[in-house]
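Undergrad: Attaching a single structure in structure tokens format; questions to follow.
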Amino acid sequence: MTTQTTPATQDPADAPARPARPARAARPNGQWKIDGTTPLNHNEEFKQESDSLAVRERIENIYAHEGFDSIADDDLHGRFRWWGLYTQRKPGIDGGRTATLEPHELEDRYFMLRVRTDGQALDPAALRVLGGISADYGRGSADITDRQNIQYHWIEVESMPDIWRRLDTVGLETTTACGDSPRAFLGSPVAGVAADEIIDPTPVILEIKKRYIGDPELANLPRKFKTAITGHPSLDVVHEINDISLVGVRHPELGAGYDLWVGGGLSTNPRLGERLGVFVTAEQAPDVWHGVIRIFRDYGYRRLRNKARLKFLLKDWGTQKFRQVLEDEYLGYALPDGPPPAPATRPGDHVGVHEQKDGRFYVGAAPVVGRVGGGTLTGLADLIESVGAESARLTAHQKVVILGVPADRVDDLVAGLEPLGLTARPSLFRRSTIACTGIEYCKLAIVDTKDTATRVIGELEQRLGDIEDRLGKPIELNVNGCPNSCARIQTADVGLKGQIITVDGEQVPGFQVHLGGGLVDEGREAGELGRTVRGLKVPATEVADYVERVVRRYESDRDGTETFAQWAHRADEEALQ
């Protein structure tokens, strides 16, 4: 009798080998130089269907005459951004519904509008134009953003032709203020006037803008591209969190120039930028900027929007490959090695009174969380003229710096700022607190930010006034309405990320807390992301209570000159609750 071996009892060694499974083809990432330019999602489709910059003509010639209802969907929710326009949030929609509603259900028939300043000095004529737009078209709204923009709300599409006409008269623009494009530049607020400046970045910024802003070849990037350029030793443009930064340094043989940083960004996947280790002369800087942005355009990941920032490419490539591609494929020459920036000499917000290299003074003043309004802008223009000053610049910390103040009129200027809602002598918390737009106008927001932060500042000024002198250094409080980190929550002493939290079984607006983050500043030689504490979430109504509690713990527990960030990173979780 013959016994048949079944597969169940067959010796595995005798079993026939299975054919090897073919390797799965890697999914394309939408890198133009590798995968081709075929669009892989709708955002990429509409950007290829029509030049996004061309929508301005439709706004001026069609939509401004036929009104909101005439706007094509891909223009309204896409291409308008290339000219600084987003629909704002409809009033009365609570934060719990932000993620459940479609854009058309969240949006109002009005727009947020960003005007880029790019580190430009704003003379009284420019300030009056900005103030007039606020008064005439924005219901008095105007905010200084942490990108040195002026941001309006309540703008109607019918108003845009006249707004652009007014901006043109003073050399201001909204070109690529939003969208997948080169966004507004951060420039040193004291460029060209500070006595301790390493190099004036103004010519570089102006040359890059003249050559490349509004260039259709750079108007279809994978996502936004942020630039910062400074020549001041305070490192005043938060260079670690930009896609490209040029930071003033002195080369021992080549003189003053720039250290190149790339790949910074925050949001839900925070990553600090990295040095490429090269020295860039002022003459080379525009070409280097152009090379880096084209690397992003050609090699950036386009398939998934949440992986489309330059920081993801840098993470995969590393600095050595990035430098090689920049030099070999885009510049055609090697850049020399260069030194890193020296430690920051003083705070980069420039608040207070400082002497310029010409004997006059510049004065940094703080509004409350960037809110200025048309009346403040117009009043500032009048004040600058009345004391014989020159102009003003905005900062990356939602502050304003008045330039060219005669020595004998400094006191008059400082006194005149107070009625405008500005102060050159702010409390530690007014000086160090910034906030994003929040649920008042933003379709992505979950909680209120500006009003919450304003209330908290007022309470902390009263509650912690007794220890301000002992604290010495401001404790940064950054308030954000959602996880996207427009207000840099991961790089603050206390960063608050808005979310809906559950308290005693009830859902209420609140914040997840990040502690001990920071960027390079006086006393901090390297940027660092904040830590989160397991389960630490604070209701919006209890933010002042929490900040007071944790600051008093720091004040009592710190070791000598230990900063809040140093203490927060070493403290037990219990001490941070």
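The values are calculated or read from the model by the stated rules, or taken from the named source; none is laboratory data. Because the structure is predicted, anything quoted here is derived from the model rather than measured. Here the Cβ is made from the backbone with ideal geometry for all residues, glycine too, and neighbour counts use every protein chain on show. SASA here: full protein model, heavy atoms, side chains in, ligands and nucleic acids out. Shrake-Rupley method; radii C 1.70, N 1.55, O 1.52, S 1.80 Å.
Undergrad: Averaging sequence separations of C-alpha pairs under 8 Å and six or more residues apart, then dividing by the length of the chain, give the relative contact order as a whole percent.
TA: On the way: 1251 pairs, mean separation 73.0, N = 577.
The normalised contact order for the chain reaches 13 percent.
Undergrad: Ok, one more. Within the accessible area of the stretch 57-111, what % is carbon and sulfur when the probe is 1.4 Å and the other protein chains stay in place?
TA: Working: 1220 of 2700 Å².
Carbon with sulfur: 45 percent of the solvent-accessible area.
Undergrad: Another question, then. I'd like the distance separating the alpha-carbon centroids of the stretch 379-451 and the stretch 314-358, in whole Å.
TA: With the stretch 379-451 and the stretch 314-358 each reduced to a Cα centre, they are spaced 28 Å.
Undergrad: Separate question: Would you work out the charge dipole size for the stretch 218-343 about its Cα centre, treating the Cβ of every Lys and Arg as +1 and the Cβ of every Asp and Glu as -1, and quote it to the nearest 20 debye?
TA: On the way: 17 positive and 14 negative charges, 193 e Å.
So the dipole magnitude of the stretch 218-343 works out to roughly 920 debye.
Undergrad: Once both axes come from the Cα atoms, what is the angle between helix 285-299 and the longest principal axis of the chain, in degrees from 0 to 90, rounded to 10?
TA: Computed tilt is about 30 degrees.
Undergrad: Can you check what the Kirkwood hydrodynamic radius comes to for the stretch 229-371, Cα pairs only, in Å to one decimal? Before the final figure, lay out the partial values.
TA: On the way: mean 1/r = 0.0602 Å⁻¹.
Across the stretch 229-371, the inverse of the average 1/r is 16.6 Å.
Undergrad: How much area per residue is accessible in the stretch 170-257 when the probe is 1.4 Å and only protein heavy atoms are counted (Å²)?
TA: Working: 2350 Å² over 88 residues.
So the stretch 170-257 comes to 27 Å² accessible per residue, rounded to a whole number.
Undergrad: Something else: Relative contact order (percent) for the stretch 347-499, with alpha-carbon contacts under 8 angstrom and 6 or more residues of separation?
TA: 21 percent.
Undergrad: Rounded to the nearest 500 deg cm²/dmol, what is the calculated helix-only ellipticity per residue at 222 nm for the chain, with -39500 (n - 2.57) per DSSP H run of length n ≥ 4?
TA: Details: 17 runs with 157 residues, N = 577.
Calculated from helices alone, the mean residue ellipticity at 222 nm is -8000 deg cm²/dmol.
Undergrad: What whole-number distance in Å separates the alpha-carbon centres of the stretch 40-77 and the stretch 107-126?
TA: Answer, in whole Å: 21.
Undergrad: In the stretch 393-447, carbon and sulfur make up what percent of the accessible area (probe 1.4 Å)?
TA: In the stretch 393-447, the share of accessible area belonging to carbon and sulfur is 52 percent.
Undergrad: Would you check the accessible area of Arg250, probe 1.4 Å, heavy atoms only, in square angstrom rounded to 10?
TA: 140 Å²
Undergrad: Beta carbons within 10 angstrom, averaged per residue: use that to sort the peptides 433-440, 38-45, highest first.
TA: Put in order of decreasing packing, that is 433-440, 38-45.
Undergrad: Mind jotting down a quarter of the surface of the convex hull over the alpha carbons of the stretch 147-280, in square nanometres, one decimal?
TA: Values: hull surface 40.5 nm².
The number I arrive at for the stretch 147-280 is 10.1 nm².
Undergrad: Okay, moving on. Amide H neighbours of Leu186 under 5 Å, counting only residues 5+ apart in sequence or on other chains, H built in-plane at 1.01 Å?
TA: Hits under the 5 Å cutoff: Thr227, Ala228, Ile229.
Undergrad: Sort the chain into rounded, prolate or oblate with this rule: let a ≥ b ≥ c be the square roots of the eigenvalues of the Cα gyration tensor; rounded if a/c is under 1.5, and if a/c is not under 1.5, prolate when a/b is larger than b/c, oblate otherwise. Don't skip to the answer; put the middle values down first.
TA: Numbers: a/c = 1.44, a/b = 1.33, b/c = 1.08.
Cα axes put the chain in the rounded bin.
Undergrad: If you don't mind, another one. Rounded, prolate or oblate: which fits the stretch 279-353, taking a ≥ b ≥ c as square roots of the Cα gyration tensor eigenvalues, rounded meaning a/c under 1.5, else prolate when a/b beats b/c? Don't skip to the end; give the middle numbers.
TA: Details: a/c = 2.20, a/b = 1.37, b/c = 1.61.
It is oblate, given that a/c is not under 1.5 and a/b is not larger than b/c.
Undergrad: If I take every Cα pair under 8 Å that is 6 or more residues apart in the stretch 29-110, average their sequence separation and divide by the length, what percent do I get for the relative contact order? Show your work: numbers first, answer last.
TA: Values: 49 pairs, mean separation 18.3, N = 82.
In percent, rounded to a whole number, it is 22.
Undergrad: Run the simple label-point estimate for Glu217 and His65 please: 7 Å along Cα→C-beta, distance reported in nm.
TA: Here the answer is 3.5 nm between the modelled labels.
Undergrad: Kindly write out, for the stretch 68-74 in residue order, the coupling ³J(HN,Hα) from the Karplus curve 6.51 cos²θ - 1.76 cosθ + 1.60 (θ = phi - 60°), rounded to whole Hz, with x marking Gly and Pro.
TA: 4, 5, 8, 7, 5, 4, 5
Undergrad: While we're here: Explain nothing, just compute: Karplus ³J(HN,Hα) = 6.51 cos²θ - 1.76 cosθ + 1.60, θ = phi - 60°, for every residue of the stretch 168-183 in order, whole Hz, x for Gly and Pro.
TA: 4, 5, 10, x, 10, 8, 10, 4, 6, 5, 9, x, 7, 7, x, 6
Undergrad: Is the C-alpha gyration tensor of the stretch 36-124 telling us rounded, prolate or oblate? Criteria: a/c under 1.5 is rounded; beyond that, a/b larger than b/c is prolate, otherwise oblate. If you can, show how the numbers build up before the last one.
TA: Numbers: a/c = 1.40, a/b = 1.04, b/c = 1.35.
Judged from the Cα gyration tensor, the stretch 36-124 comes out rounded (a/c under 1.5).
Undergrad: Quick check on my link table: of Lys315/Lys473; Lys224/Lys399; Lys321/Lys497, which ones sit more than 27 Å apart, alpha carbon to alpha carbon?
TA: Values: Lys315/Lys473 34 Å; Lys224/Lys399 24 Å; Lys321/Lys497 35 Å.
In this structure, Lys315/Lys473; Lys321/Lys497 lie more than 27 Å apart at Cα.
Undergrad: Per residue, what accessible area does the stretch 64-109 have, given a 1.4 Å probe and all protein chains present, in Å²? Don't jump to the answer; show the numbers that get you there.
TA: Numbers: 2230 Å² over 46 residues.
Dividing the accessible area of the stretch 64-109 by its residue count gives 49 Å².
Undergrad: Mind checking the per residue accessible area of the stretch 367-495 for me, 1.4 Å probe, whole number of Å²?
TA: So the stretch 367-495 comes to 33 Å² accessible per residue, rounded to a whole number.
Undergrad: Expressed as an acute angle from 0 to 90° and rounded to the nearest 10, what is the orientation of the C-alpha long axis of helix 124-137 relative to the principal long axis of the chain?
TA: Result, in degrees: 70.
Undergrad: Could you tell me what percent of the DSSP beta bridges with both partners in the chain are antiparallel, to the nearest 5? Write down the numbers at each step before the final one.
TA: Working: 60 of 75 bridges.
If we restrict to bridges inside the chain, about 80 percent are antiparallel.
Undergrad: Between the stretch 251-265 and the stretch 461-493, what's the alpha-carbon centroid distance in Å?
TA: Cα centroid of the stretch 251-265 versus Cα centroid of the stretch 461-493: 30 Å apart.
Undergrad: Further question on the same structure: How far is helix 543-557 tilted off the main Cα axis of the chain, in degrees rounded to 10, range 0 to 90?
TA: Value to nearest ten degrees: 90.
Undergrad: A further question follows. Find the cysteines in the chain that fail to meet the 4.7 Å Cβ criterion with every other cysteine, and list them.
TA: Cys178, Cys442, Cys482
Undergrad: Tell me which residues come under 5 Å, amide H to amide H, from Ala256 once H is placed; ignore anything under 5 positions away on its chain.
TA: The answer is His251.
Undergrad: From the phi of every residue in the stretch 89-106, what ³J(HN,Hα) in whole Hz does the Karplus formula 6.51 cos²θ - 1.76 cosθ + 1.60 yield, where θ is phi - 60° and glycine or proline is x?
TA: The phi angles translate into 6, 6, x, x, 9, 6, x, x, 9, 4, 7, 9, 9, 6, x, 5, 7, 7 Hz.
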